Amino acid sequence: MNRSYNQRSPAVRRLMREAIELREPSPLYHAQPMEDNLFEWHFTIQGPPGTDYEGGRYHGRILLPPEYPMKPPSIVILTPNGRFELNQKICLSASAYHPEMWQASWGIRTMLLALVGFMPTDGKGTIGSLDCTPEARRQMAIRSLEWVCPTCGVANRTALPEGSEEEARDTKITKEMEDIVSQMAIKSQEEVDAQFKQQVQRQSEASHVPQPRPPSTDQSNRRNIDIKESHDEYKDEGGTEINKESSTSGIRYRGQEETDQPLPPPPSLSPPPLPPSVSRVDGSVRREVQRGSSNYMILFLIIVIVLVIFLLVARRLNGSNRNETSH
């Protein structure tokens, strides 16, 4: 091959290994990659013995995706055969319960054996299938030996080893083909694309389905309070009807039954009264304080009076001493 490939790629490693394995000659098939493209292979298969395709040889292409072997390749038949349309992509996939799945364990050899096994089956009008008469298919099988691929130059007459028709009747190979056909289905590229779109659409719809959210604690415990003015009439203990307009009496809680009884008034914000013992002690203290203040005032007045008397007496004595001195 002239092109260089990434040797770390799983697809490249897988295809190189299969190319080595398929070098061994087989009575039913021959396949090899193109010299300039590892992801395009050309093959030639032997018509299954005992069918309308016996003796015929059919050439085709295998187009492998970069994701191989995780994704299936496409097969294109180039030789007229009466079973498959020419240049129409067909895909091999799992049948029965999971028709859209492809198994990574299947390889190019598996696909070639499956293609040989599917040739004598009924096309059932599917896209890419042909419903020709047995005689037309036998005539195409004879003419197929003269067919030469215009792309790779392989001639069908020399593509397979001599005596491959007899070797193709090997019961072991026949049993292997039957087992492969029972596990696979053959479809057109249009069918595969339609299935892929449906699968993507289902996955997209499933991913956009809103998931139920659990209610939060705040929302579950929160109660809506409707405050409305109430002019309901109610009766006091004496039986007198009173028309009381109060926003407090109009409070209603959702989830509770509405009654005509008003809600109790809000508690007073004033401090509670002191106990009697505390009140008596407080009064005694105030009286003692007042009494002490009065005593200080009386003492002050006494001192003032004594000073005045002392001054008057001193003044009089001083006057008497002066009179005696003058005589």
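Being loosely packed, with under 13 Cβ neighbours inside 10 Å and touching a residue at least 12 places away in the same chain (Cβ under 8 Å): is that true of Glu21 here? Yes; evaluated as a whole, the condition is true for this residue. For segment 20-66, the strands (runs of 3 or more DSSP E) that sit wholly inside it and include 3 or more residues that are among the hydrophobic types (A, V, I, L, M, F, W, C) are 37-46.
For segment 41-83, the set of residues classified as in contact with a His (Cβ under 7 Å, 6 or more places away or on another chain) and basic (Lys, Arg) consists of Arg61 only.
Rule-based calculations on the coordinates, nothing more; no lab input. Every value quoted in this text rests on a predicted model; they were computed, and no experiment measured them. Reconstructed Cβ throughout: ideal geometry from the backbone, glycine too, with neighbour counts over all protein chains shown.
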